[in-house]
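The structure appears right after this line, and notes come after that.
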Amino acid sequence: MRSKVKRPRRVLMAGLVLILTVWVLTQLCYVLFDRELPSNVERSLYEVVNLNMRMLEGATQRASKASTSADWNDWKINAYAASFAHKRLIQAVGANRLPELPALQQIEEYVTIAQISGDKPLSEAEQKVAAEAAGLVAQICQKYEGIMNGNGQLITSKVEELVLVEKQLQHMLKLLVPGAK
């Protein structure tokens, strides 16, 4: 009588082991052979960067209306966040497909230099720089929004347009930040 009870348990256990083995092998195949995953990850990371760029755009608009250097903290933090996220996207898609955006780091440097002596009223020249930067950052954000399609593929022509606008901002900041790259 005991052997009859053990037999269904053995069959049940063998069935469970078989089902778990098939499930594990299926999951392993998805991980090893599913080529759609990287573009989804790249697309998700792109959306994070795009959000950071939009936040930078808003912070730059507010910085253009600021009256003291302390009011630029948000601008500096958002420039750092956008730069950091963009560098992670470069790592994901490859440096040969997406260039760095040095102007983002230059914004950080410019704000840091303006804040070195503490909270002070902004000069007319500093306010003018922020206003000009606001226009260029808005253009950069507009271009950034179009560099990747829905399938996670970079659009080369849009990347080139982004680089051209970013170089304008970079050039303007390079004139103002001593020793800028």
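Read the figures in this text as sums done on the coordinates, not as results from a lab. None of the values given here were measured: they were computed from a predicted structure. A quick note on method: Cβ atoms are made from the backbone with ideal geometry, for glycine too, and the neighbour counts reach across all protein chains shown.
Just a few scattered comments:
- Positive-end extreme of charge dipole, the stretch 37-176 - chosen from 92, 61, 168 (charges on Cβ): 92
- Semi-axis lengths, Å, the chain, gyration tensor of Cα atoms, sqrt of 5 times eigenvalues: 53, 19, 12
- Cα-centred dipole magnitude for the stretch 34-112, charges only on beta-carbon of K, R (+1) and D, E (-1), debye, nearest 20: 60 debye
- Approximate spin-label separation residue 97-residue 120, in nm, with each point projected 7 Å along Cα-to-Cβ: 4.6 nm
- Spin-label pair residue 176-residue 131: with each label point 7 Å from Cα along the Cα-Cβ axis, the two points sit 1.2 nm from one another.
- Close amide-amide hydrogen proximity is noted between residue 68 and 122, each under 5 Å apart and 5 or more residues distant or on a separate chain (H modeled in the peptide plane; Pro and chain starts excluded).
- Assuming charge only on the beta carbon of Lys and Arg (+1) and of Asp and Glu (-1), the dipole of the stretch 37-176 about its Cα centre is about 200 debye to the nearest 20.
- Relative packing of peptides 93-105, 47-59 - highest average C-beta neighbours within 10 Å first: 47-59, 93-105
- Pair-distance profile P(r), taking every C-alpha pair of the stretch 69-142, with 10 angstrom steps and integer %: 18, 47, 25, 9, 1
- Projecting label points 7 angstrom from Cα along Cα→Cβ for residue 149 and residue 9 puts them 6.0 nm apart.
- With the charge dipole of the chain set up from +1 on Lys and Arg Cβ and -1 on Asp and Glu Cβ about the Cα centre, the Cα lying farthest toward the positive end among the listed residues 25, 73, 135 is that of 25.
- Charge tally around residue 86: other residues with Cβ under 11 Å, Lys/Arg +1 each, Asp/Glu -1 each, net 0.
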